[in-house]
Structure formats: C-alpha cells, structure tokens
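Working notes, structure below.
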Amino acid sequence: MKKIIMSFLVLLLMVTGSNIASASKTSKFIDSKDTSSLTATTLLFSSAPNICIGGTRCGGPSKYYQVNLQEQKYIERVTVYAHDNIGDWTKAHLEAYVDGQYIGALPVYKSGSFLTFNVGKYGSNVRFYSVHESGHNNGDETQILTVDVYGY
C-alpha cells in the first residue's frame, strides 16, 4: 500500500510540474525553469597573508598587497579581514584597486573587522594600499589577515 501511495504522489507531482526532490529511488527532479542565463558567484581566490602594509612600521605608503587571478574574471566583491592595532595611530583606511582602477576605501578598525568592497567589474588583479584617513604622507599601518575574492 505504501508503494502505491508513493507512486501516486510522484505521478501527481510530475503531472502538476512541481519542482520537488524526493528521496525515492524511482522519482525524478523536474525543473521547467530556464536557468541558462544565471551565473553563480563563487570563491575565485582566498588567502591568509597576515601581512602589514603602509605606515612607517610596515614599508611606507607605497607598500601594497596584491591578488593575482591569472586571467580576467568578473569580480563581484572582495572581503578582507584586517586590523589597525599597529603603530601610534589607528586612523588607517584600506584602498582597493582592480587593474589600477580605484574601487573605494574603507576604515580599518583597531580591533579588526571584515571589510567588503563591492566591485562589479572584470579584472585580473586586486591591489590594496593602507592610507591615513587624512592623507598624511606617512600613511598608516594595516594588518591584512585574510582576503577572499568572489565572482565568476
């Protein structure tokens, strides 16, 4: 009786076009929606560099950290975990560039936080600079702990 009921339910679901998956070995997943134009965002690059950049203690304002993707990819967003618990000032901002084009700057907190740069463009490298919030010539230090690049 149980097999008859399961068969009937599977048949009913197939006839009505319902998109439901079943644990039954004989049922099938039927998807009537066209998903050919959808692109899933994936993790393109992940690293834990634990590198200090900027400021007088970490190489000055010209020192940077760069992610190389090896080829042009659509970069949706970049998430960095960083802190500014280095040096005398805690006024750092992290600037992001994709293929040399400025994306934006976000404040880096002494205690550390996740910083998300919304990119929305194609590129092959992402570069980060640490700067002082007021543009001071010596910059300010930032410790970059993790970098994750998402896109397709």
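A few remarks follow.
- The residue pairs whose first member lies in the range 44-64 and is within 22 Å of residue 151 (Cβ to Cβ), whose second member is charged (D, E, K, R) and surrounded by 15 or more Cβ atoms within 10 Å (Cβ to Cβ), and whose beta carbons are closer than 6 Å, counting only pairs six or more residues apart or on different chains, are 44/73; 46/148; 64/127.
- Selection count where residues are surrounded by fewer than 13 Cβ atoms within 10 Å (Cβ to Cβ) and out of contact with any Ser or Thr (no Cβ under 8 Å at 6 or more places or on another chain), scope the range 72-111: 5
Read the figures in this text as sums done on the coordinates, not as results from a lab. Predicted, not measured: the structure shown is a model, and the values here were computed from it. Methodologically, a virtual Cβ is constructed for each residue, glycine included, from the backbone with ideal geometry; neighbour enumeration extends over all protein chains shown.
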